[in-house]
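The values are calculated or read from the model by the stated rules, or taken from the named source; none is laboratory data. Predicted model only: the values in this text are computed from it and were never measured. When we count neighbours, we look across all protein chains shown, and the Cβ atoms used for this are built from the backbone with ideal geometry, even at glycine. Each accessible area value is taken on the protein alone, full model and side chains, heavy atoms only, with ligands, DNA and RNA left out. Shrake-Rupley method; radii C 1.70, N 1.55, O 1.52, S 1.80 Å.
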Amino acid sequence: MANVTCAHLEAITTVKHAKRRECAECVKIDAQWVHLRICQECNATLCCDDSPNRHATNHARASGHPVIASAEPGERWLYCYPDDAFAEY
Ligand SMILES: [Zn+2]
Ligand SMILES: [Zn+2]
Ligand SMILES: [Zn+2]
């Protein structure tokens with residue numbers, strides 16, 4: 001994984017972690033998810049692009065919140081949508 005960074009990722013000093021182990025949108029519609037991501041702007045826990053509903057990406061597009069973190073155990077990375085940048089922490 002390339003360790004490309006951007007102003008959004010550099011601005012993150014504390015990574016927000018998931019409050020619940022579930023996608024906030026999938027539970028409303030009784031859908032399944034694969035992996036979980038956390039919006040670093042509003043702390044929403046949402047599902048990844050391998051999930052049928054891709055709530056994290058939809059949320060980033062709709063809200064303009066740029067950065068997500070993985071909520072998977074053992075994964076420590078951030079991703080910025082507008083810059084397509086990854087950073088491990
Ligand atoms: Zn960025
Ligand atoms: Zn979802
Ligand atoms: Zn958000």
Practice prompt. Take the stretch 8-21 and flag every residue that is aliphatic (A, V, I, L, M) and either buried (at least 18 other Cβ atoms within 10 Å of the Cβ) or touching a residue at least 12 places away in the same chain (Cβ under 8 Å) (or both).
Written response: 9, 12, 15, 18
Discussion item. Of everything in the stretch 42-89, what is in contact (Cβ under 8 Å) with a residue 24 or more places away in the chain, within 16 Å of ligand 3 (Cβ to nearest atom), more than 24 Å from residue 32 (Cβ to Cβ) and part of a loop (DSSP other than H, G, I, E, B)? Give them in sequence order.
Written reply: 66, 82
Worksheet item: Is it true that some residue in the stretch 22-43 is within 11 Å of the chain's Cα centre (by Cα), crowded, with 22+ Cβ neighbours inside 10 Å, within 16 Å of ligand 2 (Cβ to nearest atom) and polar (S, T, N, Q)?
Response: no
Worksheet item: How many residues does the stretch 76-89 hold that are over 17 Å from residue 15 (Cα atoms) and either open to solvent by less than 10 Å² (accessible area, probe 1.4 Å) or under 10 Å from the mean Cα position of the chain (by Cα) (or both)?
Response: 0
Worksheet item: If you go through the stretch 54-75 one residue at a time, do you hit one that is among the acidic types (Asp, Glu), out of contact with any Asp or Glu (no Cβ under 6 Å at 6 or more places or on another chain) and open to solvent by 80 Å² or more (accessible area, probe 1.4 Å)?
Response: no
Response to the item:
The number of residues in the stretch 11-40 that are within 12 Å of residue 78 (Cα to Cα) and among the charged types (D, E, K, R) is 2
Worksheet item: Within the stretch 5-41, how many residues turn out to be closer than 26 Å to residue 85 by Cβ, among the charged types (D, E, K, R) and not in a loop (DSSP other than H, G, I, E, B)?
Response: 2
